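*Asks:* Pasting a structure here, questions to come.
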Amino acid sequence: MARFLSSVPELMDAGLRGTRLPRGRALALRLGAITAFLALWSLLSGAVVVLKLFNPIFLPGPWLVLGNVLDMAVRGPLWIHLAATLERVALGFGAGAALGVGLGLAAGHLASVRNVIEPVVELLRPIPPLAMLPMFIVWVGIGEVSKVGFITYATFFPIFLTTVNGVRQIDPLLLRAAQSLGARGLGLFTRVILPAALPDVLTGLRLGVALAFFVIVISEFIGAEQGLGYLINDGRNFFLVPQMLGAAVVLGLLGYAGNGLVRLLERRLTRWQHPA
Amino acid sequence: MAGGPKIRIQHIAKSFGPAGRAIPALAEIDLDVHERELVCLLGPSGCGKSTLLNIVAGFLAPTSGTVLVDGRPVSGPAPERGVVFQEYALFPWLTVSGNVEFGPLLQSRPAAERRRTVDRYLDLVGLRAHAEKFPVQLSGGMKQRVAIARALANNPAVILMDEPFGALDAQTREVLQDELSRIQRVEHKTILFVTHSIREAVYLADRVVVMTSVPGRIKQVFPIKLPEVRDRFAPEFTQYESDITRVVREEVAKVRE
Amino acid sequence: MSAAATRAVALLGVLALWAAVAHGNAWLGVVNPVLLPTPVEVSRVGLELAWSGELTRHFLTSLGRVAQGFGLAALAALGLGLLVGMCVPLRLMAEPVIEFVRPIPPLAFLPMFLVWFGLGEASKVAFIGYTTFFPMFVAIAASVLRVDVVLLRAAASLGASRADLVRRVVLPAALPGIAVALRVGVGLALFVIVGAEFMGADAGLGHLIMEGRTFFNPAQIVMGALVLGLLGSLINTLLLVAERRLLRWRAAA
């Protein structure tokens, strides 16, 4: 066992990271890892059946999960649920982003706005947004509005805070330079403050997207008839574990795609940060 | 010297990179360092002097050749070969005395003995008053003095120094050169010292080994016949400087081509 | 005014604003006053539950689940994080698997845990453990791998064995990163415990909040949320204090 651990001379060259493997070997190891993971999973689920360890529906093999997802995709219901989830996330995140960026820019720029909003935000921040979900349901019922509203509430905070920070961390030297070149008011705002704060704003948006996908599930557990979260929870009733796992994986893919989209946006809009 | 050279570098060669497209960093280095000698490896950036030092220290494995210290081959780092790094490499979570104590602690020396060792070497480098400070509270020069004390406290057979004063400003650098010279007169250690400063090399070394650039080879060895306490402005000192500078300039010109 | 004083004033200001809005609404009848509980009503609910011992019970239940789940996950993340740092093939193999599991929101697995472990404590603890393990493991592994080579070299040339390197260099050097990872983990645990207690639970602060919805008692929802926020702040402060004491050497100047 100890033989697999790096020895002292091995650590001396490049530290704990080790020397970089040639690309071919690194790729092979990665693929090998994923294959091993799937193989292990298949083996375990097979062993459960053969050795009668427990009811096999608790650990379906990867092929059952994949089969379930494909089946639902072909027959149609997957897309309905996917669209439902996506719609809620898009609307909720959109509203949260609009509010967060809008108020964030205002609060970052104008001390008057900041002094009003910041204490409220500081009070609400330690409270996990999930704790407010029942409040939204009480206020607006179990419908779409409460779900979208909840996502808006949850995504608002990180976006607002990073935007405020983005504006406030702008080097005052930059502002003075711009002003000495004649920039004023709205012009100063759009030409200097906005671009300078943009990297932080985009980081906030990325966090917001991640958070939106993080919390959408739970709001779809309670009082929903459609959506990936609904699929997951619904599976509980009849122990449809492949459905539960499959929907979770699809959700993961959606989140990954959403994150990738914002990163793409980041790279295009802040090209000046890495011109290479 | 009885029993042969302290450090024997035999046919050391080192290449980096995959076989077939390897970049040769060092080619056929042969060098002996005798006991109580301070030998400087001098050369332009990229000539492989640090690579050579790392091989002697045991941090890198050579592509071919062997290094013998006290007759025993080097196969990895060991307390017989103490090292002083350019980046100080002090453990930031330990105090000054904690750092100096590190080697003896690893060798399970009793606490009283460790205390005595720490006191002795902190006195030697003049930092006894700062024993309970953390590295983050020290200046660059002080940090390097702690590093030297730490290496000495472990009583190594040889000390390897990789551009130890390279990160310091010019004044501090000269002060530390004076310090090292003074310490060497007390401790008489065998030291292999890497630098790219000709002035520093002439000030400290018994022999200056000028290296060529890629691949690194020994171009010329200058024995320095100067008194133990050296005057940087003496004509003999300046003569050595210009002789060596001429040789080094040839190499730098080659790199530029 | 000192920072603490400013904060206190701001807090009072918010409290006053809340009271004004809520009482004003009750007086004017803009929306159903039940939906906008006043600070007085919220405190009353809180005191009632505290008096009956119910609040303590739910509080401790949630805390217990968080502590157990986080504790197990932290130990695993620390152990595996160190192991991954010391074994290059393991790290290269773990990376793609982590990349695969990471994008899936942990809450998506909550029903799975309920199916696997039933409705008892085990499912909550296991779920918290799962949720907090991956981010902590990734962060701890990252800070282990970031340990500067030159420190390893320095220790080795002072006579350190492999065990010495791990114990006396890697661990202390990675400790700041590990502390941050643990703080993030606790934050995450508190974040999801509420959600985990919405479904299939009959105790805990999350359950208390959900009860507020079931019995149309928004004051209870707000109270539960505030207690949760307080718990989070408290734990975070405690961790920061502990961190500063343990990592005295960082800012000794």
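The values are calculated or read from the model by the stated rules, or taken from the named source; none is laboratory data. Since we're looking at a predicted model, the values are computed, not measured. Positions of Cβ are generated from backbone atoms using ideal geometry, with glycine treated the same way; all protein chains shown enter the neighbour counts.
*Asks:* So, in segment B:1-12, how many residues would count as being in a strand (DSSP E or B) and either in contact with a Ser or Thr (Cβ under 6 Å, 6 or more places away or on another chain) or not β-branched (Val, Ile, Thr) (or both)?
*Replies:* 3
*Asks:* Return the pairs, sorted by first residue and then second, in which the second residue is β-branched (Val, Ile, Thr) and part of a loop (DSSP other than H, G, I, E, B), the first residue lies in segment B:55-67 and is over 24 Å from B:GLY4 (Cα atoms) and within 12 Å of chain A (Cβ to nearest Cβ), the beta carbons are less than 8 Å apart, and the residues are 6+ apart or on different chains.
*Replies:* Every condition considered, no pair remains.
*Asks:* Taking segment C:142-159, which residues are of a type in the set (A, V, I, L, M, F, W, C) and either more than 10 Å from chain B (Cβ to nearest Cβ) or surrounded by fewer than 23 Cβ atoms within 10 Å (Cβ to Cβ) (or both)?
*Replies:* C:ALA142, C:VAL144, C:LEU145, C:VAL147, C:VAL149, C:VAL150, C:LEU151, listed by residue number.
Yes or no, residue by residue, for (1) within 25 Å of the chain's Cα centre (by Cα); (2) in a helix (DSSP H, G or I); (3) within 12 Å of chain A (Cβ to nearest Cβ):
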residue	(1), (2), (3)
C:ALA5	no, yes, no
C:ALA20	no, yes, no
C:ARG57	yes, yes, no
C:GLY71	yes, yes, no
C:ALA77	yes, yes, no
C:LEU110	yes, yes, yes
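*Asks:* Next question. If you take the residues of segment B:115-127 that are surrounded by 16 or more Cβ atoms within 10 Å (Cβ to Cβ) and not hydroxyl-bearing (Ser, Thr, Tyr), which of them is farthest from B:LEU90 (Cα to Cα)?
*Replies:* For segment B:115-127, the residue satisfying everything is B:LEU124.
*Asks:* Here's something else I'd like to know. Tell me, please, whether a residue that is in contact with a Gly (Cβ under 6 Å, 6 or more places away or on another chain), in a helix (DSSP H, G or I), aliphatic (A, V, I, L, M) and modelled with pLDDT under 90 can be found in segment A:78-97.
*Replies:* Within segment A:78-97, none of the residues are in contact with a Gly (Cβ under 6 Å, 6 or more places away or on another chain), in a helix (DSSP H, G or I), aliphatic (A, V, I, L, M) and modelled with pLDDT under 90.
*Asks:* So C:ARG213 clears everything in (1) without any contact (Cβ under 8 Å) to a residue 12 or more places away in the chain; (2) crowded, with 19+ Cβ neighbours inside 10 Å; (3) within 14 Å of chain B (Cβ to nearest Cβ); (4) part of a helix (DSSP H, G or I) except one condition, right? Which one?
*Replies:* Every condition holds for C:ARG213 apart from (3).
*Asks:* A further question on this structure: Among the residues of segment C:120-134, is there at least one that is under 24 Å from A:ASN259 (Cβ atoms), among the small types (Gly, Ala, Ser) and out of contact with any Ser or Thr (no Cβ under 6 Å at 6 or more places or on another chain)?
*Replies:* no
*Asks:* So, one more: Inspect segment C:162-173 for any residue being within 14 Å of chain B (Cβ to nearest Cβ), assigned to a loop (DSSP other than H, G, I, E, B) and either in contact (Cβ under 8 Å) with a residue 12 or more places away in the chain or polar (S, T, N, Q) (or both) and give the result as yes or no.
*Replies:* There is no residue in segment C:162-173 that is within 14 Å of chain B (Cβ to nearest Cβ), assigned to a loop (DSSP other than H, G, I, E, B) and either in contact (Cβ under 8 Å) with a residue 12 or more places away in the chain or polar (S, T, N, Q) (or both).
*Asks:* Every residue in segment C:133-150 that is over 26 Å from C:PRO105 (Cα atoms) and either out of contact with any Leu (no Cβ under 9 Å at 6 or more places or on another chain) or not in a helix (DSSP H, G or I) (or both), please.
*Replies:* Within segment C:133-150, C:ARG146, C:VAL147, C:ASP148, C:VAL150 meet the criteria.
*Asks:* List the helices (runs of 4 or more DSSP H) that sit entirely inside segment A:183-257 and contain at least 2 residues that are within 15 Å of C:PRO111 (Cβ to Cβ) and outside the structural domain of A:ILE137 (by TED's automatic domain parsing).
*Replies:* In segment A:183-257, no matching helices (runs of 4 or more DSSP H) lie anywhere.
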